[in-house]
Amino acid sequence: MKLDSIGDWKRTHYSVDVKPEMDSQEVTLFGWVKEIRDLGGIRFIILQDREGTIQVTVPRKKVSNEVLSKSDVLQKRYSIGVKGIVKKTDMTPRGVEVVPKEIKIFSTAAFQLPIDITGKTPAGLEVRLDSRALDLCQEENIAVFKIQHIAVDAIRNFLFEKGFIEVHTPRIIASATEGGAALFSVDYFKKNAFLAQSPQLYKEQLVMSLEKVFEIGPFFRAEESHTRRHLSEFVSIDIEQAFADAEDVMQLLERLMQHVCKTVNEKCQRELAVLKHKVEVPEVPFKRLTYDEVLQDLKREGIEIPWGEDIPTPAFRTLGKLHPYFYFIKDWPTHSKAFYIKPRDDNPDLCEGFDLMWHWIELSSGGTRIASKELLIKRLKEQGLNPQSFKYHLEAFDFGMPPHAGWAIGLERLTMMLTGKKNIREVTLYPRDKFRLTP
Ligand code: AMO
């Protein structure tokens with residue numbers, strides 16, 4: 001088939017911007033064939049673009065031979081351009097259709113597509129992920145990533161407005177930040193290096209100069225556990241703030257969550273409707289439970305966890321039923337949190353670390369950091385880490401480290417909350433896990 005070039009055509013409208021009020025106006029639309037219905041005398045082509053769909057109506061007797069022969073060969077996923085006249089109509093859901101004066105075919109597509117992107121014949125997630133480029137064309141998936149985009153935009157604006165400076169720290173690093181087990185190693189000019197698990201040490205050092213920083217970017221964890229909320233590569237939204245403690249950054253975090261939910265609600269009504277999902281705007285302050293209160297809550301539900309132990313996933317599920325929506329868990333046992341979290345002055349067995357929970361899922365964690373070099377060395381040793389490997393980081397504590405605190409949110413888990421998706425892979429463009437490295 002001879003394909004057309006785009007020539008001097010320019011898009012005048014996205015599908016959803018074509019309105020009944022534009023009756024008789026000429027428009028140029030670009031997109032893909034989503035569906036074709038042929039009723040003999042008349043053919044309907046559903047044109048899909050990033051913003052939605054529109055019906056292109058081809059009445060056989062009223063269009064040129066060229067338009068007719070072009071429309072004869074169209075198949076699903078062909079990439080096309082349509083120049084035509086808007087017609088107001090009662091026959092389509094949006095009250096509008098376009099009758100083509102000219103059609104351009106830019107590319108064809110395989111006759112047998114690996115998945116049905118109309119969603120009428122749903123495919124399993126693994127099959128969908130194998131053909132992710134096509135899978136992402138589904139309206140539902142476009143809605144997921146538009147919501148994610150609006151959420152990230154809302155986060156950036158909120159943090160800029162609060163005086164945070166956006167930074168970019170290294171992804172190739174020489175030592176672990178979040179414990180040694182989950183590191184990917186890299187051959188770095190014959191030296192052993194690692195992919196960063198978080199920007200933790202760098203963001204802490206930056207509070208000495210930039211005071212309030214944030215970073216949004218991918219980090220890497222060689223997660224052995226194959227769950228619906230873990231990836232090997234995830235996007236972390238990190239902040240760190242000088243002259244602040246855990247409570248200060250918890251207040252920032254709950255207001256940020258409220259702002260994100262509000263913004264998504266305002267700007268993503270169409271996407272939320274596509275996903276049949278509702279986002280509730282939470283009231284602040286969020287509930288603050290202590291680790292001890294969590295243990296008591298669970299005990300009442302018949303789940304006994306010895307003090308100091310981690311809370312296993314089934315227990316979190318129970319907790320999520322008792323505390324639906326957002327809540328913090330604070331006052332964790334010091335030994336259960338990372339070496340950089342500050343033990344409480346009045347009871348060093350507890351620390352100033354916290355988690356932000358949504359139902360049973362941990363969305364974020366953070367805390368007040370240790371600002372004293374001696375204490376940090378002590379905590380490194382207690383965690384079985386070698387202070388020598390943290391030489392450069394420890395040196396920064398000789399240069400006037402202020403009291404500071406911060407947190408990190410997992411963008412994909414936040415997106416699960418905003419879209420109602422139950423598996424983190426659905427809210428990741430190209431997920432990476434223990435079993436998946438492609439596409
Ligand atoms: P943590 O390890 O709890 O803390 O990570 C912070 C948040 O990142 C998300 N997350 C993940 N998401 C998907 N897949 C994973 N494998 C994964 N691991 C973590 C979660 C989690 O709450 N440096 C500290 C943060 C801080 O104290 O500032 C840290 O990395 O949503």
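Could you grab me the full set of residues in segment 11-50 that are under 15 Å from residue 71 (Cα atoms) and of a type in the set (Gly, Ala, Ser)? Residues satisfying the conditions are 31, 40, 41.
For segment 194-228, which positions are assigned to a strand (DSSP E or B), more than 10 Å from the ligand (Cβ to nearest atom) and under 26 Å from residue 433 (Cβ atoms)? The answer is 194, 195, 215, 216, 217, 218. Of the numbered criteria (1) farther than 21 Å from residue 250 by Cα; (2) at pLDDT below 95, the one residue 421 fails is (2). Number of residues in segment 230-243 that are out of contact with any Ser or Thr (no Cβ under 9 Å at 6 or more places or on another chain) and either without any contact (Cβ under 8 Å) to a residue 40 or more places away in the chain or within 27 Å of residue 438 (Cβ to Cβ) (or both): the value is 2. Would you check if residue 99 is over 28 Å from residue 272 (Cβ atoms), buried (at least 16 other Cβ atoms within 10 Å of the Cβ) and touching a Gly at 6+ places or on another chain (Cβ under 8 Å)? Spelling it out, residue 99 is indeed over 28 Å from residue 272 (Cβ atoms), buried (at least 16 other Cβ atoms within 10 Å of the Cβ) and touching a Gly at 6+ places or on another chain (Cβ under 8 Å). Beta carbons closer than 7 Å, at least 6 apart along the sequence or on distinct chains, pair a first residue in segment 244-256 that is modelled with pLDDT of 95 or more with a second that is part of a helix (DSSP H, G or I) for 256/155; 256/158.
Considering segment 168-191, the residues that are modelled with pLDDT under 90 and either of a type in the set (A, V, I, L, M, F, W, C) or not assigned by TED's automatic domain parsing to the domain that holds residue 240 (or both) include one that is most open to solvent (accessible area, probe 1.4 Å), namely 181.
Checking the stated criteria, residue 375 turns out not to satisfy the condition of being away from the ligand (no atom under 16 Å from the Cβ), more than 30 Å from residue 276 (Cβ to Cβ) and open to solvent by less than 20 Å² (accessible area, probe 1.4 Å). In segment 257-275 there is no residue matching the filter, namely being part of a strand (DSSP E or B), more than 15 Å from residue 407 (Cα to Cα), touching a helix residue (DSSP H, G or I) at 6+ places or on another chain (Cβ under 9 Å) and open to solvent by 30 Å² or more (accessible area, probe 1.4 Å). Looking only at residues of segment 205-231 that are touching an Asp or Glu at 6+ places or on another chain (Cβ under 8 Å) and closer than 15 Å to residue 175 by Cα, we find that the one that is least open to solvent (accessible area, probe 1.4 Å) is 219. Taking first residues from segment 354-366 that are in the same structural domain as residue 312 (by TED's automatic domain parsing) and partners that are of a type in the set (Asp, Glu) and more than 9 Å from the ligand (Cβ to nearest atom), the Cβ contacts under 8 Å between residues at least 6 apart in sequence or on separate chains come to 356/254. The residues of segment 70-84 that are touching a residue at least 12 places away in the same chain (Cβ under 8 Å) and either within 38 Å of the chain's Cα centre (by Cα) or open to solvent by 40 Å² or more (accessible area, probe 1.4 Å) (or both), listed by number, are 73, 74, 75, 76, 77, 78, 79, 80, 81, 82, 83, 84. In the set (1) of a type in the set (Gly, Ala, Ser); (2) within 20 Å of residue 104 (Cβ to Cβ); (3) out of contact with any Ser or Thr (no Cβ under 8 Å at 6 or more places or on another chain), residue 15 fails one condition alone, (3). Inside segment 47-69, can you point out the residues that are closer than 30 Å to residue 275 by Cβ and open to solvent by 20 Å² or more (accessible area, probe 1.4 Å)? Of everything in segment 47-69, those that are closer than 30 Å to residue 275 by Cβ and open to solvent by 20 Å² or more (accessible area, probe 1.4 Å) turn out to be 50, 51, 53, 55.
Which ones in segment 348-367 are open to solvent by 10 Å² or more (accessible area, probe 1.4 Å) and either at pLDDT below 95 or under 28 Å from residue 412 (Cβ atoms) (or both)? 352, 358, 359, 360, 361, 362, 365 - these are the residues of segment 348-367 that are open to solvent by 10 Å² or more (accessible area, probe 1.4 Å) and either at pLDDT below 95 or under 28 Å from residue 412 (Cβ atoms) (or both). Looking only at segment 352-366, filter to residues that are near the ligand (Cβ under 6 Å from one of its atoms) and not charged (D, E, K, R); which one of those is nearest to residue 310 (Cα to Cα)? Ranking the qualifying residues of segment 352-366, first place goes to 365. Within segment 316-339, the residues that satisfy the criterion of being outside any loop (DSSP other than H, G, I, E, B) and closer than 18 Å to residue 287 by Cα are 316, 317, 318, 319, 320, 321, 322, 326, 327, 328, 329, 330. Of the residues making up segment 351-369, those that are farther than 15 Å from residue 241 by Cβ and touching a Leu at 6+ places or on another chain (Cβ under 6 Å) number 2. Residues that are open to solvent by 10 Å² or more (accessible area, probe 1.4 Å) and in contact (Cβ under 8 Å) with a residue 60 or more places away in the chain within segment 321-337 comprise 326, 330, listed in sequence order. Just name the residue that is modelled with the highest pLDDT out of those in segment 111-129 that are of a type in the set (S, T, N, Q) and surrounded by fewer than 13 Cβ atoms within 10 Å (Cβ to Cβ). Per the stated criteria, the residue is 112.
Given the residues 298, 253, which is the only one that is more than 30 Å from residue 157 (Cα to Cα) and in a helix (DSSP H, G or I)? Step by step, each of 298, 253 is checked, and only 298 is more than 30 Å from residue 157 (Cα to Cα) and in a helix (DSSP H, G or I).
The values are calculated or read from the model by the stated rules, or taken from the named source; none is laboratory data. If you're wondering where the values come from, they're calculated on a predicted model, not measured in any experiment. Don't worry about glycine lacking a Cβ; one is built from the backbone with ideal geometry, like all the others, and counts go over all protein chains shown. For accessibility, only protein heavy atoms count, side chains too; no ligands or nucleic acids. Shrake-Rupley method; radii C 1.70, N 1.55, O 1.52, S 1.80 Å.
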